[in-house]
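The values are calculated or read from the model by the stated rules, or taken from the named source; none is laboratory data. As the structure is a prediction and not an experimental result, all values here were calculated from the model. Neighbour counts are summed over all protein chains in view; Cβ atoms, including those assigned to glycine, are modelled from backbone coordinates with ideal geometry. Note: areas computed on protein heavy atoms with side chains; ligands, DNA, RNA excluded. Shrake-Rupley method; radii C 1.70, N 1.55, O 1.52, S 1.80 Å.
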Protein chains: 2
Amino acid sequence: MSKIKEAPISEKIVDSARGVHDKIIKSQKPTMSAPVRSLSNVKYHQEKGYFEMKGKSKLRTLTVSTVKSFAQTLKMMALSKELIDENNMATKREAYYISKNWGKAGFAEQPESDTIMDDIEAMFMVNREQLRFAPEEKGGAVAGRLIVLDKDLDGSELKIDCTKFGSGAYSIPVDVEGLGFKSKAKFILAIETAGAFQRLLKCGFWDTSNCILISMGGVPTRACRRFIRRLADELKIPVYAFVDGDPYGYFNIYRTLKVGSGNAAHINRFFCVPQASFLGVTPQDIIDYELPTHPLKEVDIKRAKDALKNDPFVKYHKPWQAAINQMLKMGVRVEQQAFAKHSLSFVANTYLPEKINNSKKFLP
Amino acid sequence: MSKIKEAPISEKIVDSARGVHDKIIKSQKPTMSAPVRSLSNVKYHQEKGYFEMKGKSKLRTLTVSTVKSFAQTLKMMALSKELIDENNMATKREAYYISKNWGKAGFAEQPESDTIMDDIEAMFMVNREQLRFAPEEKGGAVAGRLIVLDKDLDGSELKIDCTKFGSGAYSIPVDVEGLGFKSKAKFILAIETAGAFQRLLKCGFWDTSNCILISMGGVPTRACRRFIRRLADELKIPVYAFVDGDPYGYFNIYRTLKVGSGNAAHINRFFCVPQASFLGVTPQDIIDYELPTHPLKEVDIKRAKDALKNDPFVKYHKPWQAAINQMLKMGVRVEQQAFAKHSLSFVANTYLPEKINNSKKFLP
C-alpha cells in the first residue's frame, strides 16, 4: 500500500511550532520557510513523471508587518493537528469559518485562508488532504471491475462493488486517502464527459473489456486525480485517457491528469498520474475513423501555439509536437462523441478495442 | 409507481408522422404544432406546484423555407422512436452526431439539434428523457437510508444500498426513469454544496436522523431534480432544501428545484419538486445562530429586487417577500458552511435538528 502515513505530519507540525516557540523564548525572531510556487521554479522529469520544484524558497520572518499572517499560519497548523488527532476533516470553507473564532487572526475572506493553507502544504511538502483540509468539489464517478474498501460509521469495513451500480455509479468522496482497493481489472479508462461515460456504461464496456471506467466530468478534481493515481499505484495497471480532441482536452485535462500543473507544483507528486497515456481522440483518428469535426477556434489555436512554445511537457515529447502541428494544419477539433456518427455502439465495439490493441498509436 | 409509461410516446410519434404522411399523399401542406416556450406563456399554480403553460401554440407548416427544419424534426422523431424500440438512449451530443448521416438534413451545430429536440418535447408534452435523449451532465450524489432498484447488464435486478458507501456516495445516472426505490426514511435533505454534503456524511447525519442526503452540487441538473421528484412521489416524504442564504441559493437553486424555470415550462411538471420546502439558511437564521456573513454584492441586490418584482413564485408567497426584504435590510448573505464557526458538528447536532423539529420556521 502506498498510502500516505499520517503520524509524521502531526509530528512535523509540532516540531515546526516548537522551533518558533524556542526562538521566542530566546528573544530571537522566529522564521518559517516555504518553497516558491511558480512556473519559473518547476522542471519536467520524464522518469519521475511530473512537474517538480527546482528548490527556490522564501523565508518568512516574524516582524510587525507579518505578525498577522504569521499568527494565522500557526493557528491553521494547530487546526490541522487537531483534525488529524480527531480523525476528522474540514472543507476549505469550513476552515475559513472556524477562523472567525481566532480574534484578530480571523480571515476576512476565504482566498486569504486558502493562501495560508497552500503555504502550509508547501512548507511541509504534503497535500491539503493530508493536513485534513478537503476541497468543496465533487470527485468524479466510477463503474466497473473495482471493489473500494472504506469504513462504516461504526468503523467496520465496507466493500463497495463498482460492478453493482447499474446505470448509476460510485461517487468519489472529497478525501480518498483512507480508501483501499481490490481489483483484477486490466486498465483504467479516464473519460472526459459524463455523456461518454454513460454510453460506455450502457454498452457494458467495463464487462467486455475487464476495466474500470472513471468519469472525470471535465478537468479532473484533485480528489479524482488522487483516486486515479492511488488506483494505478496499487493495482499496477495502466491508465488510458479518452477525451475530446482539442487543446483543452490535450492540455487542461490530459496534461493536468498526467503531470500536474505549474502553479501547484509542490503537490504534483501526489496528484499526477504518470501511468496515464493518451488513447484519443487524436488528430490522426479523425482521418482513420472519418469523424465529423468543428473548425478550431481562435482560443484553440492560441492555446496550441502556447503549448508548443512554453509547455515543458510538450517540449519534451516529439509525438505531441507532431500531433499538435497536425491539428493546426488540419484546422479542426473533434469531440469524443463524434463516433456516434457510425452508430451508438461504435465507440465501445470498434474504436476503443482497436486502439487498446494497438497501443503504439497512443500519444505519450 | 408514478413512472412514466413509454408505449404511448412511441405511438404518439407514429400518429404524428402518419398525419404528415396522409396530408402529403392528399397533396395538402402538412403542419406540426408546438406550444410557445417563454415566460409570457406561463402561470404559477400553487396547488399544482409548478410554472405551467398558458396554452399559446405556434404552428409550423411545410413550405420551401421550413423544409429543412421540418425534415430534421421528422428525422429526430424517427431517431427517438428507434431508441425507445431498442430500449437504448442517446446523449444530446450523440444525437447531433447521428444527424451527420442524414444528408442535407444534418445539423451544422449542436444548438440547432437541441432546439429541434426542445420542440419535440413541447409537441408531445413529454421530457427529453422520455424521448430517450439524455443530457451530458452528471446527476448529483446520494447517501443514506435508500435502496435504489436498477437492472444489471443481463437484466437481473440490482439493489443499491445507499447506506453502504462509507465516505463515498451513489452517483445519479443521466436517465433515472427506469429506477425503483425502497426506503423508510422520514425526509430527503437536498444540499447545495459537495462540502456540506461531505460534512453531514462524516457526522453520520442520515443515520441519526433517518433520512436521505442528496448533494446537488450547485443548481440541480435535470436528472437530479427528476430523481428527487420521483423519490418524493413514491416514498411520500417531504424534501427539505439546505442551501446558501443568498439570492442565488433562493432562486436559482431552490426555486428551480421546487417549481421549475420559465424557459422550460413545458417540462416543469416532470422536474419540479412541489414537496420541497426551504429549511435554510434564512436571513433570520443569521440572527438566531449568530452566523458570520458577507455583504450583499450588486448582483445579489439586483437579483433580489427582480424576484420581488417579476417572479410569480415570490409574488405568490408573502413569507418569501418578507425574507427577501429582511435580507436587503440586513445587507448581508450567508453560506451554509458558516455554522462551522461554532464547531464542525454544530450543523448536524444542533442547527438541522432544531430546524427540522420546528418546521414553522421553514419558508414555503
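Kindly indicate whether any position in region A:120-140 is among the aliphatic types (A, V, I, L, M) and within 12 Å of chain B (Cβ to nearest Cβ). Even if it seems obvious, please write down each step before you answer.
Looking only at region A:120-140, we keep the residues that are among the aliphatic types (A, V, I, L, M), and these are A:120, A:122-123, A:125-126, A:131, A:134.
When the remaining residues are screened for being within 12 Å of chain B (Cβ to nearest Cβ), the result is A:134.
Scanning region A:120-140, I find at least one residue that is among the aliphatic types (A, V, I, L, M) and within 12 Å of chain B (Cβ to nearest Cβ), so the answer is yes.
Scan region A:238-290 for residues that are hydroxyl-bearing (S, T, Y), within 30 Å of A:I120 (Cα to Cα) and crowded, with 24+ Cβ neighbours inside 10 Å and jot them down. I'd like the intermediate steps shown before the answer.
So in region A:238-290, the residues hydroxyl-bearing (S, T, Y) come out as A:240, A:248, A:250, A:254, A:256, A:261, A:277, A:282, A:289.
Remaining after also requiring within 30 Å of A:I120 (Cα to Cα): A:254, A:256, A:261.
Once the filter is applied, which keeps residues that are hydroxyl-bearing (S, T, Y), within 30 Å of A:I120 (Cα to Cα) and crowded, with 24+ Cβ neighbours inside 10 Å, region A:238-290 yields only A:Y254.
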Only one of B:A78, B:A34 is open to solvent by 40 Å² or more (accessible area, probe 1.4 Å) and touching a residue at least 24 places away in the same chain (Cβ under 8 Å), namely B:A78
Only one of (1) within 14 Å of chain B (Cβ to nearest Cβ); (2) of a type in the set (G, A, S); (3) open to solvent by less than 40 Å² (accessible area, probe 1.4 Å) fails for A:G49. Which number is that? (1)
Which of (1) among the charged types (D, E, K, R); (2) over 30 Å from A:G245 (Cβ atoms); (3) crowded, with 18+ Cβ neighbours inside 10 Å does A:E192 not meet, given it meets every other one? (2)
When B:T350 is evaluated against the numbered criteria (1) of a type outside the set (D, E); (2) surrounded by fewer than 17 Cβ atoms within 10 Å (Cβ to Cβ); (3) more than 28 Å from B:K186 (Cβ to Cβ), which criterion, by number, is the only one it fails? (3)
Given A:K100, A:K159, A:K151, A:K81, which one is in contact with a helix residue (DSSP H, G or I) (Cβ under 7 Å, 6 or more places away or on another chain), among the basic types (K, R) and within 11 Å of chain B (Cβ to nearest Cβ)? A:K100
Lone unmet requirement of (1) under 24 Å from B:E52 (Cα atoms); (2) in contact (Cβ under 8 Å) with a residue 60 or more places away in the chain for B:R132: (2)
Please go through region A:293-324 and pick out each residue that is within 24 Å of B:Q110 (Cβ to Cβ) and surrounded by fewer than 19 Cβ atoms within 10 Å (Cβ to Cβ). A:T293, A:H294, A:P295, A:K297, A:E298, A:V299, A:I301, A:K302
Flag for A:R226 being surrounded by 22 or more Cβ atoms within 10 Å (Cβ to Cβ), in contact with a Phe, Trp or Tyr (Cβ under 8 Å, 6 or more places away or on another chain), touching a residue at least 12 places away in the same chain (Cβ under 8 Å) and in the same structural domain as A:S345 (by TED's automatic domain parsing): yes
Quick check, is B:E177 at pLDDT below 90 and more than 8 Å from chain A (Cβ to nearest Cβ)? yes
